[in-house]
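Encoded as structure tokens, the structure appears first; notes follow it.
The values are calculated or read from the model by the stated rules, or taken from the named source; none is laboratory data. Computed from a prediction, not measured in an experiment: that's the story for all the values here. Cβ coordinates were reconstructed from backbone atoms using ideal geometry, including for glycine residues, and neighbour counts include every protein chain displayed. Surface areas here come from the heavy atoms of the whole protein model, side chains and all, with no ligands, DNA or RNA. Shrake-Rupley method; radii C 1.70, N 1.55, O 1.52, S 1.80 Å.
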Amino acid sequence: MLLEVKGFSKQFGGLAAISNVDFSVKKGEIRGLIGPNGSGKSTLFNLISGVYTPDKGRISLDGEDISGLEPHEIARRGIARTFQLLRLFGQMTVLENLLVGHHAHIRYSAPAAIFGLPNVWAEETRVKDEMMDLLSFIGLADYAGMPAGELSGGQRRLLTIGRAIAMRPKILLLDEPAAGLSPVNVDNLLRLIVSLKERYGLTLVVIEHILKVVMDTCETVTVLEHGEKIAEGPPAKIKDDPRVVEAYLGKEMSDAEVQAFLKAS
Amino acid sequence: MRATPVRRAWPWLLGFGALLVLPLITSNAYHRYLLTIILINVILAVGLNIVKGFAGQVTVGHIALAAIGAYTSAALSAYYGVPFWLALPGAMLAAGLAGVMIGIPSFRLEGAYLALATLGLAESVRIYFSATDYFGASIGFGDIPPPFIGGYAINTHLSYYYLVMPLALAGIYFSFAILRSDIGRSFQALREDPLAASVSGINVRKYKLLAFLISALYAGCAGSLQAHLSPGFIHPNNYTIVEMVTLLLMVVLGGIGHIWGGIIGAVLVTIVYDLTRDYYQYQLAIFGMIIVLTVTYMPKGIGGIIDRLFAERRFNARRKASAEKSNAA
């Protein structure tokens with residue numbers, strides 16, 4: 001297992017946002033993470049990436065225990081993520097956003113940078129070329145010098161994915177990558193995500209509300225409800241699981257129950 | 001186009017040459033003194049722009065760091081006979097340590113709250129100097145010896161200019177190198193979004209402290225240069241909130257987070273400060289008003305406006321080129 005989460009729990013006040021969740025992802029997999037609003041999907045991402053510390057539970061990446069590490073340490077070990085609300089560096093250029101993502105792989109010392117030594121220029125040229133490559137791949141090369149805040153909504157979503165991939169992660173957590181995109185763009189994004197996975201040898205975990213995305217791309221789907229894992233398996237099976245249907249659509253009432261409900265109200 | 005070492009060096013050599021002849025244009029001693037003050041303020045403002053403009057930490061403690069640099073340098077050379085060339089690094093070291101201490105509250109505080117905390121620290125530093133006899137208390141610290149090269153004292157306005165100028169130019173060079181490197185990008189990232197910066201692998205606390213440390217070294221250097229400037233006298237009143245507002249004005253007017261911001265601002269504000277000296281009782285009001293107007297109507301300062309002019313010209317040129325291309329076809 002590449003990522004292994006055991007018994008994660010997190011309470012906010014009296015609310016159990018995540019309770020006793022196990023979550024394991026194989027290397028090279030595309031995993032879907034679904035569930036109704038407030039079911040704890042984003043909280044799980046925040047726990048994995050170290051933004052929140054779990055009340056209980058352990059996490060390991062590639063066999064190494066990374067429980068309790070800070071977000072930047074977890075990032076350096078190979079977990080990258082995007083945010084539902086994007087969180088780009090709006091006043092920095094598109095290229096600079098990727099360069100920030102590549103931070104951990106830039107090889108010169110702080111004193112060398114302060115004195116502006118030639119090895120700094122050489123390394124800067126090398127990483128800028130590399131990031132321009134990535135920008136062309138996600139189709140944003142023409143906007144390299146533009147402030148990220150001036151991109152369109154769809155381009156911003158692409159850029160957050162680009163920034164995460166610039167980290168050269170082992171595993172990439174995508175939080176609703178297709179939210180707000182038109183159906184055509186959703187298809188394009190799906191193709192891009194799959195090709196990025198192939199090109200960079202990624203393992204992916206995708207939170208998505210657009211079920212088409214999950215059903216078409218994921219090999220395995222995990223379903224959360226009220227902070228608990230209620231189902232896990234291939235998409236076709238998940239779709240017909242009664243607990244999943246209930247979580248999304250509610251429970252079918254018997255005639256007697258309907259009568260009782262009408263009387264009460 | 002890849003920049004070769006030679007191509008990178010020539011703007012700096014050109015700048016050095018221009019600054020070398022600049023004070024010779026005038027024979028007026030006061031103007032030469034003013035040029036020196038401008039360059040010392042450039043060092044202060046460039047340092048403040050790193051921590052405030054690039055790393056986005058709203059500090060009001062920068063002036064106190066200059067005070068610590070000035071008083072350290074003064075005490076070392078007046079009481080212990082330490083030559084200027086050792087007192088200067090000593091002042092930078094003391095200011096650097098104080099800067100890291102001022103930076104620690106930034107782990108928990110942001111924006112106005114951080115401003116208040118650093119203001120408190122800064123004022124207590126000033127009050128300490130103005131109440132301690134060892135540092136001359138409210139009378140001021142006098143008889144600070146000038147720097148010497150061999151037996152030659154650097155105590156004329158012209159010779160002091162030639163001491164300050166290379167230091168200011170070096171300060172500008174280092175700031176450009178830092179801000180154009182991964183360090184500068186990390187500063188900006190933690191200004192824009194600390195959470196996104198940390199999940200991108202940036203150690204936010206480390207880079208906050210680094211920003212405070214670097215800017216404090218600038219302040220310490222500037223403070224030391226103020227102390228040894230003829231007639232070798234410093235006073236707690238040189239390091240009040242008024243001076244801090246003036247410094248903030250330099251950075252805001254020049255362009256917060258613009259690589260040239262501190263430089264443009266320091267030059268303009270020092271000149272305006274000097275021209276309005278006769279109306280000193282209104283200075284703070286005028287400067288405060290300029291800050292409000294700048295933030296409202298040109299939030300990126302003069303540097304930002306210049307950038308936009310260039311961007312518009314490039315954009316128009318490109319549009320014209322593509323229009324001609326489609327006409328030809």
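For the reader, a short list of remarks on this structure follows.
- Per-region count, region A:202-227, residues open to solvent by 50 Å² or more (accessible area, probe 1.4 Å) and in a loop (DSSP other than H, G, I, E, B): 4
- A:D133 being modelled with pLDDT of 95 or more, out of contact with any Leu (no Cβ under 7 Å at 6 or more places or on another chain), farther than 21 Å from A:L3 by Cβ and among the acidic types (D, E): yes
- Looking across region A:65-76, the residues that are within 19 Å of A:L204 (Cα to Cα) and either touching a His at 6+ places or on another chain (Cβ under 7 Å) or more than 7 Å from every other protein chain (Cβ to nearest Cβ) (or both) come down to A:I66, A:I74.
- Among the residues of region A:33-62, those that are in a loop (DSSP other than H, G, I, E, B), within 14 Å of chain B (Cβ to nearest Cβ) and of a type in the set (S, T, Y) comprise A:S49, A:Y52, A:T53.
- In region B:129-157, the residues that are over 20 Å from B:Y80 (Cβ atoms), at pLDDT 95 or above and surrounded by 13 or more Cβ atoms within 10 Å (Cβ to Cβ): B:S130
- Inter-residue pairs, beta-carbon under 7 Å, first farther than 22 Å from A:S182 by Cα and outside any loop (DSSP other than H, G, I, E, B) and in region A:135-158, second of a type in the set (S, T, N, Q) and open to solvent by 40 Å² or more (accessible area, probe 1.4 Å), 6+ apart: A:P147/A:Q91
- Long-range neighbours under 6 Å by Cβ, at least six apart or interchain, first residue within 29 Å of B:A227 (Cβ to Cβ) within region B:102-130, second among the polar types (S, T, N, Q) and in a helix (DSSP H, G or I): B:I102/B:T118; B:L114/B:S106; B:S130/B:S138
- Those residues of region B:38-93 which are closer than 20 Å to B:S138 by Cα, open to solvent by 20 Å² or more (accessible area, probe 1.4 Å) and touching a residue at least 24 places away in the same chain (Cβ under 8 Å), in sequence order: B:I68, B:T72, B:A78
- Options B:R277, B:R318: the member that is within 29 Å of B:I127 (Cβ to Cβ), free of Cβ contacts under 8 Å to residues at least 60 places away in the same chain and surrounded by fewer than 15 Cβ atoms within 10 Å (Cβ to Cβ): B:R277
- Subset of region A:77-104 (residues that are at the interface with chain B (Cβ under 9 Å from one of its Cβ atoms) and over 16 Å from the mean Cα position of the chain (by Cα)): A:F89, A:G90, A:Q91, A:M92, A:E96, A:N97, A:L99, A:V100, A:H102, A:H103, A:A104
- Residue count, region A:230-260 (criterion: open to solvent by 90 Å² or more (accessible area, probe 1.4 Å) and either under 24 Å from the mean Cα position of the chain (by Cα) or not assigned by TED's automatic domain parsing to the domain that holds A:K212 (or both)): 2
- Qualifying positions in region A:27-57 - touching a Gly at 6+ places or on another chain (Cβ under 7 Å) and free of Cβ contacts under 8 Å to residues at least 60 places away in the same chain: A:T53, A:K56, A:G57
- Within region B:170-187, residues that are within 7 Å of chain A (Cβ to nearest Cβ) have Cβ atoms under 6 Å from residues that are part of a loop (DSSP other than H, G, I, E, B) in these pairs: B:A177/A:G116; B:D182/A:I106; B:S186/B:I202, counting only partners at least 6 apart in sequence or on another chain.
- Single condition B:G56 does not satisfy, out of (1) part of a helix (DSSP H, G or I); (2) out of contact with any strand residue (DSSP E or B) (no Cβ under 9 Å at 6 or more places or on another chain): (1)
- Residue count, region B:20-36 (criterion: within 15 Å of B:V267 (Cα to Cα) and open to solvent by less than 40 Å² (accessible area, probe 1.4 Å)): 4
- Sole exception among (1) over 21 Å from the mean Cα position of the chain (by Cα); (2) more than 9 Å from every other protein chain (Cβ to nearest Cβ) for A:P118, by number: (2)
- Residue in region B:155-169 that is over 30 Å from A:R81 (Cβ atoms) and within 14 Å of chain A (Cβ to nearest Cβ) present: yes
- The single residue among B:T276, B:T296 that is at pLDDT below 90 and among the β-branched types (V, I, T) turns out to be B:T276.
- Taken over region A:105-115, the residue count meeting the criterion of being open to solvent by 40 Å² or more (accessible area, probe 1.4 Å) and within 7 Å of another protein chain (Cβ to nearest Cβ) is 3.
- Residues that are over 25 Å from A:D133 (Cβ atoms), acidic (D, E) and under 18 Å from the mean Cα position of the chain (by Cα) do occur in region A:21-31, at least one of them.
- The lone exception for A:E252 - which of (1) at pLDDT below 90; (2) in a helix (DSSP H, G or I); (3) not hydrophobic (A, V, I, L, M, F, W, C) it fails: (2)
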